[in-house]
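Here the structure comes first, spelled out in structure tokens, and everything after it is commentary.
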Amino acid sequence: MDQIKNDLKEEQTRINYVRNKMIEDVAFLQKQTSSVKTDIVKIRKNFWDDVTVNMDDAVEAGETATSIKQQAEFLSEREHRHKHLDRDLKNLKRLIDTPYFARIDFLEDGERVIESIYLGIASYLDHDSDEFLVYDWRAPISSLYYDYSLGPAEFTAPGGTVRGELKLKRQFIIKNAIIEGMFDSGITIGDELLKEVLGKQSDTQMKSIVATIQQEQNKVIRNEKGSLLIVKGAAGSGKTSAALQRVAFLLYKYRETLEAEEILLFSPNPMFNSYIRNVLPELGEENMQQTTFQQYLQHSLGEYFEVEDPFSQMEYMLTAQKEDFYEIRHKAAKYKSSFQYMDKIESYLTYLSKQGMVFQDITFRGDVLFSSEAIYSYFYSLSSTISITNRVKLVSEWLLSELKKLEKKERNKEWVEEEIQFLSKEEYQFYFQKLSKQKRFSQDTFDDFNREQENLSKYVVKRHFNSIKRKIAAHDFINMPAIYQQLFELPGKTFEKSVDGEISVSDWADICSFSINEIKHERLTYEDATPFLYVKEKIEGFKVNTSVKYVFIDEAQDYSAFQFAFIKHIFPNARFTVLGDLNQAIYAHHSYSGIEALKHLFDSKRTELIELKRSYRSTKQIIEFTRALLENGKEIDPFNREGSKPVTIKKDSTEALVNAIAQRVKALDSYKSIAIICKTAQESENVYKLLKEKTEVHLVDKRTNEFDLGIVIIPAYLAKGIEFDAVFIFNGSKEQYGSEDVRKLFYTACTRAMHELFVYYKGEITPFISEIPQHLYKEQV
Ligand SMILES: Nc1ncnc2c1ncn2[C@@H]1O[C@H](COP(=O)(O)OP(=O)(O)OP(=O)(O)O)[C@@H](O)[C@H]1O
């Protein structure tokens with residue numbers, strides 16, 4: 001006991017020492033920052049005073065340019081310095097209250113002195129002794145903390161592997177520079193601290209996990225081998241957390257060459273973006289770019305169609321069973337996310353390379369400048385050994401050169417003269433200025449009427465033709481919707497590989513008529529959006545983004561093979577980290593998850609797979625219950641945090657469900673966040689209407705951008721990736737969750753609970769629960 005007290009005292013003394021050093025440094029850095037800032041303001045203000053401007057001759061002009069360059073460089077050096085100082089200052093301020101979270105003692109082979117290493121969210125160097133008082137958690141030596149328990153240990157330093165023995169592993173909870181908890185651990189990272197962290201209440205923002213990263217998560221964070229890292233992990237196993245700490249790790253490791261904006265994360269919905277927004281800033285790093293695949297689709301296809309989003313598709317699948325086209329739509333969604341469909345599209349593209357492209361006329365003032373037939377003939381007059389994309393390029397060039405000839409002819413038309421006559425004074429002046437700039441006039445006035453007319457007609461026509469040129473450059477002469485529609489119009493046997501595989505001839509015929517109708521009405525279903533885009537980009541050429549170096553895809557089980565193929569094309573220079581859980585593949589109407597397709601898209605030698613089997617989010621009781629809902633759930637290993645068993649509660653009407661939930665929610669007012677999870681948006685809205693009369697609740701729908709604390713009513717598919725202190729399943733009945741299709745949706749909903757889970761239902765309970773051992777939950781009435 002005395003030993004512990006002594007250790008604690010010593011550690012507190014060290015903290016006080018480190019803190020005082022930091023306070024001194026903050027004062028010093030503040031002075032430096034403000035002095036550099038003053039320099040910058042001064043340089044900006046006097047920029048031109050300090051530059052010698054003389055443009056008398058070429059030599060003087062050259063000197064002037066050099067002088068401006070020097071001044072600009074000086075300014076940029078100061079700005080750069082300011083940015084660095086400011087960052088150091090912010091990091092230091094962040095460290096003052098919690099300078100570090102762990103200590104390891106390491107005895108390197110061949111050395112006599114044990115080195116004590118303290119780990120924090122950033123490094124801190126004592127300038128007097130030139131010693132690191134705190135090491136960044138991402139430094140090579142820090143990996144000892146995450147990877148080893150006491151005993152032999154090694155880490156990879158820039159100079160090679162360093163071996164030795166780990167003598168001590170200590171964790172701290174430090175607040176306001178006071179040690180509130182201290183744990184010495186023998187086996188992996190102490191469970192005590194992790195229990196404490198996980199036992200806390202949820203927040204609107206996800207937290208960093210650097211103090212308690214687990215060994216297998218560390219592998220994800222520090223993995224640098226391949227060009228594709230696949231992380232498969234159970235619900236709550238820390239996939240998102242590991243991804244975010246990995247971003248921080250990469251930004252640290254490659255800080256000289258990698259910027260935050262060169263990293264892109266695809267997340268499941270906009271609300272998720274707000275949920276994870278704070279993790280990186282908390283670690284002293286800037287956020288990476290974030291987007292959703294839907295945003296990308298919308299941006300690329302919005303001009304052609306009203307594009308359905310995945311949530312509307314999901315809502316339809318869950319609610320429209322009684323509608324006429326439901327069966328066809330269901331089959332279509334399944335087929336269109338399959339490999340067979342991808343094959344079919346590839347065959348279609350081969351077909352298009354020989355025949356069948358659909359073009360549209362290019363018209364001007366009601367006249368056809370280039371007919372679709374002429375474009376078609378030109379396209380197929382080009383050698384079929386040239387790729388479609390390159391032929392499209394050649395067609396564009398041909399159109400532009402022909403357009404030049406037409407432009408000349410157009411100048412003599414009557415409408416041009418008329419337009420010139422009706423030019424406003426401002427327009428006239430505008431043209432005049434432009435023309436004089438280009439020295440089309442020898443004098444300052446339009447003294448030569450004919451030349452004036454000629455030049456003005458050139459301008460008028462050019463202005464009109466510019467918009468045609470833009471359209472040609474944007475490939476508007478290709479009729480993309482018609483090309484995609486044709487895929488459903490051609491007889492099934494047109495392409496060799498079609499129609500076999502999963503789908504029958506008659507189903508294909510039904511899918512065709514459904515799809516044609518949608519396209520004719522300028523609607524594109526979600527299952528068609530990526531295939532359409534794929535065809536479009538295969539024809540026009542992929543618009544690639546070469547600046548992104550790392551792409552992260554979270555909730556990857558919900559992406560189709562097409563989507564992965566697509567994303568890979570767009571980011572040719574990127575390495576990929578793909579995180580998913582097949583048990584949460586809620587889009588059951590997809591034929592399979594695209595994660596399997598990744599194997600075909602990447603070189604297997606450069607692909608790494610890491611599995612995270614331990615689940616941390618929920619109490620042991622909740623995990624034991626939720627994993628039983630799955631066929632392969634046994635593999636999930638619950639972190640040992642005790643709580644109460646999930647509870648099922650039967651009521652006999654919707655009203656009774658609402659009343660009971662309202663009452664229970666009130667009793668749980670110590671929790672910060674409670675979710676009432678419904679199956680659909682439709683059900684959520686109904687429940688909201690009833691419940692808002694009884695207690696304060698927020699309704700979350702697909703447009704919600706911010707994650708709020710309090711009580712939320714949310715459709716299950718929107719609760720992906722996020723978590724709540726307590727979860728109420730609104731109606732876990734057989735009627736709602738009776739078919740296999742929604743098992744994973746139900747599982748996903750239940751796994752959002754951190755501390756308590758209640759399943760309310762009316763009628764018969766879902767078979768997903770009635771078939772699991774009863775000791776895993778409590779029944780209440
Ligand atoms: N090593 C850890 N230390 C502390 N907390 C952790 C750790 N790993 C995971 N957690 C916590 O567990 C919860 C689940 O983590 P996260 O959301 O990253 O899991 P996930 O695998 O992405 O989950 P899901 O697939 O269900 O969305 C979070 O609250 C996270 O902070």
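The values are calculated or read from the model by the stated rules, or taken from the named source; none is laboratory data. All values derive from a computational prediction rather than experimental measurement. Using ideal geometry, Cβ is built from the backbone for each residue, glycine included, and neighbour counts are taken over all protein chains shown.
Quick notes
- Among the residues of region 228-237, those identified as within 6 Å of the ligand (Cβ to nearest atom) and either farther than 29 Å from Asn573 by Cβ or at pLDDT below 90 (or both) are Ala235, Gly236, Ser237.
Conditions (1) β-branched (Val, Ile, Thr); (2) touching a strand residue (DSSP E or B) at 6+ places or on another chain (Cβ under 9 Å); (3) modelled with pLDDT of 95 or more, marked per residue:
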{"site": "Asp203", "(1), (2), (3)": "no, yes, no"}
{"site": "Met206", "(1), (2), (3)": "no, no, no"}
{"site": "Ile209", "(1), (2), (3)": "yes, no, no"}
{"site": "Thr212", "(1), (2), (3)": "yes, yes, no"}
{"site": "Gln215", "(1), (2), (3)": "no, no, no"}
{"site": "Gly226", "(1), (2), (3)": "no, yes, no"}
{"site": "Lys239", "(1), (2), (3)": "no, yes, yes"}
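- Any hit, region 598-609, residues being under 20 Å from the mean Cα position of the chain (by Cα), within 30 Å of Asp324 (Cβ to Cβ), away from the ligand (no atom under 16 Å from the Cβ) and modelled with pLDDT under 90: no
- Residue-level analysis places Ser143 among those that are in contact (Cβ under 8 Å) with a residue 40 or more places away in the chain, polar (S, T, N, Q) and either touching a helix residue (DSSP H, G or I) at 6+ places or on another chain (Cβ under 8 Å) or assigned to a helix (DSSP H, G or I) (or both).
- Leu382 vs. criteria crowded, with 17+ Cβ neighbours inside 10 Å and either among the hydrophobic types (A, V, I, L, M, F, W, C) or closer than 15 Å to Ile468 by Cβ (or both): no
- Scanning region 238-258 for residues that are assigned to a loop (DSSP other than H, G, I, E, B), touching a residue at least 12 places away in the same chain (Cβ under 8 Å) and more than 8 Å from the ligand (Cβ to nearest atom) gives a single hit, Leu258.
- All of (1) touching a residue at least 60 places away in the same chain (Cβ under 8 Å); (2) surrounded by fewer than 20 Cβ atoms within 10 Å (Cβ to Cβ); (3) within 15 Å of Glu285 (Cα to Cα) hold for Asn223 with one exception: (3).
- Of the residues in region 80-92, at least one is acidic (Asp, Glu) and modelled with pLDDT of 80 or more.
- In the set Phe272, Phe266, Phe249, only one residue is aromatic (Phe, Trp, Tyr), over 22 Å from Ser123 (Cβ atoms) and out of contact with any Phe, Trp or Tyr (no Cβ under 7 Å at 6 or more places or on another chain); that residue is Phe272.
- Residues within region 342-363 that are more than 28 Å from Phe564 (Cα to Cα) and surrounded by 18 or more Cβ atoms within 10 Å (Cβ to Cβ), tallied: 2
- Odd one out for Glu261, checked against (1) part of a helix (DSSP H, G or I); (2) within 11 Å of the ligand (Cβ to nearest atom): (2)
- Just one of (1) surrounded by fewer than 19 Cβ atoms within 10 Å (Cβ to Cβ); (2) within 30 Å of Lys549 (Cα to Cα) fails for Phe183. It is (2).
- The residue that is farthest from the ligand (Cβ to nearest atom), among those in region 276-289 that are out of contact with any helix residue (DSSP H, G or I) (no Cβ under 9 Å at 6 or more places or on another chain) and in contact (Cβ under 8 Å) with a residue 60 or more places away in the chain, is Arg277.
- The listed residue being crowded, with 17+ Cβ neighbours inside 10 Å, over 23 Å from Gly199 (Cβ atoms) and of a type outside the set (Phe, Trp, Tyr), out of Gly633, Gly721: Gly633
- Residues located in region 141-167, provided they are more than 16 Å from the ligand (Cβ to nearest atom), surrounded by fewer than 16 Cβ atoms within 10 Å (Cβ to Cβ) and either within 20 Å of Glu216 (Cβ to Cβ) or not β-branched (Val, Ile, Thr) (or both): Gly151, Pro152, Thr156, Ala157, Pro158, Gly159, Gly160, Arg163, Lys167
- Of all residue pairs spaced 6 or more apart or on separate chains, those with beta-carbon atoms under 6 Å, a first member in region 557-583 that is within 16 Å of the ligand (Cβ to nearest atom) and a second member that is part of a loop (DSSP other than H, G, I, E, B) and polar (S, T, N, Q) are Gln557/Ser593; Leu582/Ser593.
- Which numbered condition Leu283 misses (of (1) surrounded by 16 or more Cβ atoms within 10 Å (Cβ to Cβ); (2) at positive phi): (2)
- Ser347 being hydroxyl-bearing (Ser, Thr, Tyr), in contact (Cβ under 8 Å) with a residue 24 or more places away in the chain and in contact with a Phe, Trp or Tyr (Cβ under 6 Å, 6 or more places away or on another chain): yes
- The residue of region 191-216 that is farthest from the ligand (Cβ to nearest atom), among those that are crowded, with 17+ Cβ neighbours inside 10 Å and farther than 16 Å from Ile174 by Cβ, is Glu216.
- Positions within region 400-409 being more than 16 Å from His464 (Cβ to Cβ) and within 39 Å of the chain's Cα centre (by Cα), in sequence order: none
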